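Inspection log for the structure reproduced underneath, given as structure tokens.
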């Protein structure tokens, strides 16, 4: 007797709000995210309009097998971690905050997998009680982690610095290397890690770059860089999305009835 499932796991890709041509409101997620989910994680990408007017956390938990917490230009609102809003914190997306922060906490409790990228990395830290610094490059001894603003796409996503993982830690075991090269396209970063947040990788200047939630029953990995770029060919991105897809398949298999054939 063998078991047959024709379903790919469904990965909810957290969308961002934007204005098309400065006047048409839209929800979007980069094609690179969908490509990485479909081609490397082996899952079905589903872009989510992250606004509580349209979806609830409970509905998302039932509809999806895992979540890709994407990057985005707007930042988590500082009131979510006890700071006052100033121009240094940039633009915000309060509707996304209202969905992603409780969604992360629910996934941690349930063991439902998620992968955090850039803003998603920061959201996980905030959801678990941590804080962010609005401009990492202003901290003495830190480098500029922002992307070159006027460069071509290939230059913006080019590998720019090393990340060193904890020897024997989760990311070291996953990547098979203690040090890897990554891109860097962020301004904010972790200031104080949240409760249960384990910083498992740092940039050479000490900036946290890889985290997970200690004691969580599911996949909770997150990175400050953008692994969706060239994910199928990149030796750092590929194992990350492959492991995420495997976690989503395990979750889907546990919750879906599987058709049996002789």
Name the strands (runs of 3 or more DSSP E) wholly inside the stretch 182-262 in which the number of residues that are more than 25 Å from residue 74 (Cβ to Cβ), within 14 Å of the chain's Cα centre (by Cα) and modelled with pLDDT under 95 is 3 or more. none
Quick one: which strands (runs of 3 or more DSSP E) sit completely within the stretch 1-76 and have at least 3 residues that are within 23 Å of residue 122 (Cβ to Cβ) and modelled with pLDDT of 85 or more? 10-14, 44-48, 66-69
Report the residue count in the stretch 76-85 for those that are closer than 27 Å to residue 32 by Cα and surrounded by fewer than 24 Cβ atoms within 10 Å (Cβ to Cβ). 1
Please determine whether any residue of the stretch 218-240 is under 19 Å from residue 45 (Cβ atoms) and surrounded by fewer than 15 Cβ atoms within 10 Å (Cβ to Cβ). yes
For the stretch 147-174, how many residues meet the condition of being touching a residue at least 40 places away in the same chain (Cβ under 8 Å) and either in contact with a helix residue (DSSP H, G or I) (Cβ under 6 Å, 6 or more places away or on another chain) or in a strand (DSSP E or B) (or both)? 6
Say we look at the stretch 175-197 and pick out the residues that are without any contact (Cβ under 8 Å) to a residue 24 or more places away in the chain and out of contact with any helix residue (DSSP H, G or I) (no Cβ under 8 Å at 6 or more places or on another chain); which of these is surrounded by the fewest Cβ atoms within 10 Å (Cβ to Cβ)? 179
Select from the stretch 92-117 the residues that are part of a loop (DSSP other than H, G, I, E, B), closer than 20 Å to residue 33 by Cβ and either modelled with pLDDT under 95 or over 13 Å from the mean Cα position of the chain (by Cα) (or both) and list them in ascending order. 93, 112
Flag for residue 185 being closer than 17 Å to residue 205 by Cβ and in contact with a strand residue (DSSP E or B) (Cβ under 6 Å, 6 or more places away or on another chain): no
Within the stretch 124-142, the residues that are at pLDDT 95 or above and farther than 14 Å from residue 208 by Cβ are 127, 129
Within the stretch 101-146, work out how many residues are free of Cβ contacts under 8 Å to residues at least 40 places away in the same chain and in contact with a strand residue (DSSP E or B) (Cβ under 9 Å, 6 or more places away or on another chain). 2
Before we move on, is residue 88 in contact with a strand residue (DSSP E or B) (Cβ under 8 Å, 6 or more places away or on another chain), outside any strand (DSSP E or B) and surrounded by fewer than 18 Cβ atoms within 10 Å (Cβ to Cβ)? no
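The values are calculated or read from the model by the stated rules, or taken from the named source; none is laboratory data. Computed from a prediction, not measured in an experiment: that's the story for all the values here. Positions of Cβ are generated from backbone atoms using ideal geometry, with glycine treated the same way; all protein chains shown enter the neighbour counts.
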